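A.B. asks: The structure follows.
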Amino acid sequence: MCGIIGIVSRSRQVASDMYYGLYGLQHRGKESAGMVTSECGEKCCFQGEMGEIPIVFSKKILERLSGNVGIAQNRYSTTSESSFENIQPIQGYWGGEEFWIAHNGNLINTEDLREYCLNKGRQPSADSDTAAIASLISLTSAFSFEQAVKKTIQKLRGAFSLVILYKDRIIVVRDSLGIRPLCLGKRKDGYIVASETCALHHMGATLIREIDPGEISVINRAGIKKYYHPSVTARKFCIFELIYFSRPDSIVLGRRVGDVQENMGRLLAQEHPAEADIVIPIPDSGNYGGWGFIEVSKIPNGQKAILRTHLISRTFIEAVQELRDQGVDLKFVILKEKVMGKRVVLIDDSVVRGTTQKRLVKWLRAAGAKEIHARIFSPPYMYPCYYGIDTYRVKDELIAKRNKGDIEKIRQELGLDSLEYLSLDLAIKAIIETPCVRKPCISLKPDNFCAACFNSRYPVKPSKIN
Ligand code: 5GP
Ligand code: SF4
Ligand code: MG
């Protein structure tokens, strides 16, 4: 999962805009960030570094990044390690001219693509799938750069939303299933593309539309032109974007993500009611679903019983379980007097390894909670994701997989009094039935989603499924 941005302005320097946009996408990746700018196709300026936005970009650096065209990325490593050479955007050359590329998603045929490049005598600049795409473009002969991009894309398998900076323009690409999000916004001085509408908001742009699955468009000072636009035959949008990844204020498929999660919480309360004294939505990922659950169940809101400190954020990616436990313990504090002697329902978006639930159960018991029930607004997370989410790396530790989907066994392992998950059918119904905040509404069918981490129906088959 990464965040990407592309911007073309007729009148402004774009570096500081992209800085705010990246801030808005920080939840999609915190390992590294980078941006590249260009002044009307003149030489490009690049800055990239490991770490979060304020560490990577100082005021002085932003002033050095001159130009009115630019692309940027926040990275959350998937295919390759988190390292300096994998920072994006990544540079390539086509026809003697430089181009830069930023990617959200993950390819499943990176090894084959690397081999193809090596056989043609070109070593990709890094081991990431994105570096392989850059090398492929460089190796592709065509009468125009856009044509080279289009030819390259036919070779890619997996999830890819791309922004590519070339001379005075940006080429925007989305894979034909539209697995990862990408949207187009407008400002008085030009166009902006971003992974999520929350970034458009921070850049002062308004949403025009989503980039269609399979679309290739070119943006320059004159405007945006769809270069290639196949009719959308299949849409397989990542359902987990709506459950967890995308920011609640973002608009995805015409719907506000927080509204979708609230609806999931409502349906969860109908499908799996609980008898309890308070409902605690686990902040922040459980908030909206929790509010929906509270509305339907009419159980009092126990939000005040848990405090989340925002100084700790990345408990999930720690390599050692002890550090992940410690991270969760630092992240959440239970206020004893608010739970003592009470029957508690915990609401969260998902259970992956089970770290969050286990630690909270421990602290709730220590604080004197009488019963602890968990209600999760997604199905058991059983299978790794190959399209850009780091559960790819967690595959052997998925608690639902380890317990073969047996909810009673998972409940026991987590130490809960009861545990229930929202069924996939209802999760999808919750999305489809959420009213659109934008017209015309994108009408959706149940098979418009990738839900492979729940049902193992991978829309692009990986060669080996773990
Ligand atoms: P667990 O603690 O069970 O291992 O993970 C579940 C928690 O991590 C949930 O609160 C959820 O919000 C969050 N989560 C779910 N999927 C991901 C992911 O792919 N990456 C990160 N960083 N967190 C996740
Ligand atoms: Fe999203 Fe899961 Fe599909 Fe990955 S496998 S793209 S996380 S729904
Ligand atoms: Mg969470």
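The values are calculated or read from the model by the stated rules, or taken from the named source; none is laboratory data. Since the model is a prediction, treat every value here as computed from it, not as a measurement. In this analysis, Cβ positions are derived from the backbone assuming ideal geometry, glycine residues included, and neighbour counts consider all displayed protein chains. Heavy atoms of the whole protein, side chains included, go into the accessibility calculation; ligands, DNA and RNA do not. Shrake-Rupley method; radii C 1.70, N 1.55, O 1.52, S 1.80 Å.
A.B. asks: Filter region 328-375 down to residues that are in a helix (DSSP H, G or I), within 27 Å of the chain's Cα centre (by Cα) and of a type outside the set (S, T, N, Q) and give me whichever is nearest to E397 (Cα to Cα).
C.D. replies: The selected residue is K358.
A.B. asks: Which members of region 217-241 meet the condition of being within 21 Å of the chain's Cα centre (by Cα) and either within 16 Å of ligand 3 (Cβ to nearest atom) or over 16 Å from G158 (Cα atoms) (or both)?
C.D. replies: Across region 217-241, the qualifying residues are F240, E241.
A.B. asks: Kindly list the number of the only condition in (1) over 23 Å from C238 (Cα atoms); (2) part of a strand (DSSP E or B) that fails for G6.
C.D. replies: If we test G6 against (1) over 23 Å from C238 (Cα atoms); (2) part of a strand (DSSP E or B), just (1) comes out false.
A.B. asks: Exactly one condition in (1) surrounded by 15 or more Cβ atoms within 10 Å (Cβ to Cβ); (2) within 16 Å of ligand 3 (Cβ to nearest atom) is not met by R266; state its number.
C.D. replies: (2)
A.B. asks: Please find, within region 125-140, the residue that is farthest from L165 (Cα to Cα) out of those that are at pLDDT below 95 and open to solvent by 20 Å² or more (accessible area, probe 1.4 Å).
C.D. replies: Among those residues, the one meeting the criterion is D127.
A.B. asks: Which condition does R122 not pass, out of (1) assigned to a loop (DSSP other than H, G, I, E, B); (2) open to solvent by less than 10 Å² (accessible area, probe 1.4 Å); (3) closer than 30 Å to C385 by Cα, if it passes all the others?
C.D. replies: Of the numbered conditions (1) assigned to a loop (DSSP other than H, G, I, E, B); (2) open to solvent by less than 10 Å² (accessible area, probe 1.4 Å); (3) closer than 30 Å to C385 by Cα, the odd one out for R122 is (2).
A.B. asks: Being in contact with a Leu (Cβ under 7 Å, 6 or more places away or on another chain), modelled with pLDDT of 90 or more and away from ligand 2 (no atom under 16 Å from the Cβ) narrows it down to one residue among V296, V345, V352, V333; which is it?
C.D. replies: Result of the check over V296, V345, V352, V333: V333.
A.B. asks: Right, something else. Looking at this structure, is D212 charged (D, E, K, R), open to solvent by 30 Å² or more (accessible area, probe 1.4 Å) and at pLDDT 95 or above?
C.D. replies: no
A.B. asks: Restricting the search to region 275-285, which residues are open to solvent by 20 Å² or more (accessible area, probe 1.4 Å) and away from ligand 3 (no atom under 16 Å from the Cβ)?
C.D. replies: The answer is E275, D277.
A.B. asks: Something else now. Within region 243-259, can you find the residues that are among the hydrophobic types (A, V, I, L, M, F, W, C), closer than 14 Å to V437 by Cβ and within 16 Å of ligand 3 (Cβ to nearest atom)?
C.D. replies: Within region 243-259, V257 is the sole residue that qualifies.
A.B. asks: Could you list all residues from region 329-344 that are within 16 Å of ligand 3 (Cβ to nearest atom) and either in contact with a strand residue (DSSP E or B) (Cβ under 8 Å, 6 or more places away or on another chain) or not assigned by TED's automatic domain parsing to the domain that holds I299 (or both)?
C.D. replies: The first filter runs over region 329-344 and keeps only residues within 16 Å of ligand 3 (Cβ to nearest atom), leaving 329-334.
Listed by number, the residues that qualify are K331, F332, V333, I334.
A.B. asks: Okay, moving on. Of these, Y227, Y244, Y288, which one is assigned by TED's automatic domain parsing to the domain that holds V163 and either surrounded by 15 or more Cβ atoms within 10 Å (Cβ to Cβ) or at pLDDT below 95 (or both)?
C.D. replies: Just one listed residue meets the conditions, Y227.
A.B. asks: Exactly one condition in (1) within 27 Å of Q303 (Cα to Cα); (2) touching a residue at least 60 places away in the same chain (Cβ under 8 Å); (3) open to solvent by less than 20 Å² (accessible area, probe 1.4 Å); (4) of a type in the set (A, V, I, L, M) is false for L364; which is it?
C.D. replies: Among (1) within 27 Å of Q303 (Cα to Cα); (2) touching a residue at least 60 places away in the same chain (Cβ under 8 Å); (3) open to solvent by less than 20 Å² (accessible area, probe 1.4 Å); (4) of a type in the set (A, V, I, L, M), L364 violates only (2).
A.B. asks: Taking Y383 and the conditions (1) open to solvent by 10 Å² or more (accessible area, probe 1.4 Å); (2) part of a helix (DSSP H, G or I), which numbered condition does it fall short on, given that it satisfies the others?
C.D. replies: Of (1) open to solvent by 10 Å² or more (accessible area, probe 1.4 Å); (2) part of a helix (DSSP H, G or I), only one is false for Y383: (2).
A.B. asks: For region 141-169, give me each residue that is in a helix (DSSP H, G or I), open to solvent by 20 Å² or more (accessible area, probe 1.4 Å) and among the hydrophobic types (A, V, I, L, M, F, W, C).
C.D. replies: I153
A.B. asks: Separate question: If a residue counts only when it is more than 17 Å from R169 (Cβ to Cβ), without any contact (Cβ under 8 Å) to a residue 40 or more places away in the chain and open to solvent by 10 Å² or more (accessible area, probe 1.4 Å), which strands (runs of 3 or more DSSP E) contained entirely in region 16-104 have at least 2 such residues?
C.D. replies: Output list reads 44-50.
A.B. asks: Let me ask you something else. Within region 183-217, count every residue that is at negative phi, in contact (Cβ under 8 Å) with a residue 60 or more places away in the chain and in a loop (DSSP other than H, G, I, E, B).
C.D. replies: The total comes to 4.
A.B. asks: For residues in region 111-134 being free of Cβ contacts under 8 Å to residues at least 40 places away in the same chain and polar (S, T, N, Q), which is nearest to G29 (Cα to Cα)?
C.D. replies: So, considering only residues that are free of Cβ contacts under 8 Å to residues at least 40 places away in the same chain and polar (S, T, N, Q), the one nearest to G29 (Cα to Cα) is Q123.
A.B. asks: For E85, are the conditions met, namely being out of contact with any His (no Cβ under 7 Å at 6 or more places or on another chain), acidic (D, E), at pLDDT below 90 and away from ligand 3 (no atom under 16 Å from the Cβ)?
C.D. replies: Judged against the criteria, E85 is a match.
A.B. asks: Determine whether S423 is assigned by TED's automatic domain parsing to the domain that holds R324, among the hydroxyl-bearing types (S, T, Y) and more than 13 Å from ligand 1 (Cβ to nearest atom).
C.D. replies: Answer is yes for this residue.
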